[in-house]
Amino acid sequence: MDQNPTARPLGAHPGDPNIVAPAFFGQGTKPQPSGARRAYDALLPVLSGLALVAILAGPVRAAGIDCTKAKTPVERMLCADPALREADGAVADAFAAALAAAPDPGAVRAAQRQWLAARNACQDAACLLARHTEQRAALAALAAQPAQPVQPAQPVQTVQTAQTVPADSNRNTLLAERAALKARLHWPADCEASFQETYAPDGAGLELLANGVDHYDLGQGRTLYLIQCDQAAYQSVYVAMATEAGGGPARLLRFPTADADGGRITRSLEGSLVGNPVFDPAAKTLTNLTKARGVGDCGTYAVYAFAANGDPRPLELRARDCPKNGGKYLPPERWPLVTKP
């Protein structure tokens, strides 16, 4: 989605559908911003009205189709045709705008799910294009309607039975687990502040389902920790820490990466991971895809091994600039390799 916003500070609103390359260094001087960082800064203001649309909508995605996960015949048709991908992104934008303007967002989401069911019955590209064109117009009309005053809800009396579990019981347990881990690992305060804001009950409304800390065995008594700092529509933000054998202090890791922007490759060392990192316990490697946009046809793809002291070393580093005119989808594993200058 093309936006022309102005930047604002990290953490102001969680759930940016195009969150790219923030840094949670917590100390020291930040490196010069990469192209991915500039893309992130440029997209931050989308959060004020459109934050978490894709997350809160269940199967309805505000960021358009993710071609890295295309499985159904309809999804494959969308990803194979640049015009259809553009139409899908336009519907996603219109849906986000309608959702932000609606006095009853639940009704908008329900209608969008019904439309998705009808769209998924299409057998050819012409049908898909027609369905997307119709839905974009319908959503634009919804977004243009004047806001209606919200009537105060009538108080509802509730009775808690012996079987009722307090809604915040699990939340408190998860936060206590996270607090204990933070006291031991000491990850950056700005990462923690962003996480707490993202999952605050009076904030974005995301349900806390895990403590946000994953750990992996690197062998020889070493442990890798991935600590979630923020949540976006299709990727998250993490800092990584490693401990050595014997339970010594955890050390914040920085990842060599690269960014393709305007035909230029910029290499950098980042103190955060943006994407959906996957650890291979057999190979002891970490694979991460950072998407520059929701369709997943550009960004950075990296596979890291870990040195004896825990430092990540890229075994494979690929970067691709975002195509301006669409074209055939290229899997991240086939993006151009980044070579040392």
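What follows is calculated from the coordinates using simple rules that are stated; it is not laboratory data. No experiment lies behind these values; they were computed from the predicted model shown. Neighbour counts are summed over all protein chains in view; Cβ atoms, including those assigned to glycine, are modelled from backbone coordinates with ideal geometry.
Listing Leu269, Leu286 from fewest to most neighbouring C-beta atoms within 10 Å gives Leu269, Leu286.
Counting other beta carbons within 10 Å of each residue's own, what order do Cys122, Cys79 fall into, fewest first? All intermediate terms of the calculation are to be shown ahead of the outcome.
Working: Cys122 18, Cys79 23.
Ordered from fewest to most neighbouring Cβ atoms within 10 Å, Cys122, Cys79 come out as Cys122, Cys79.
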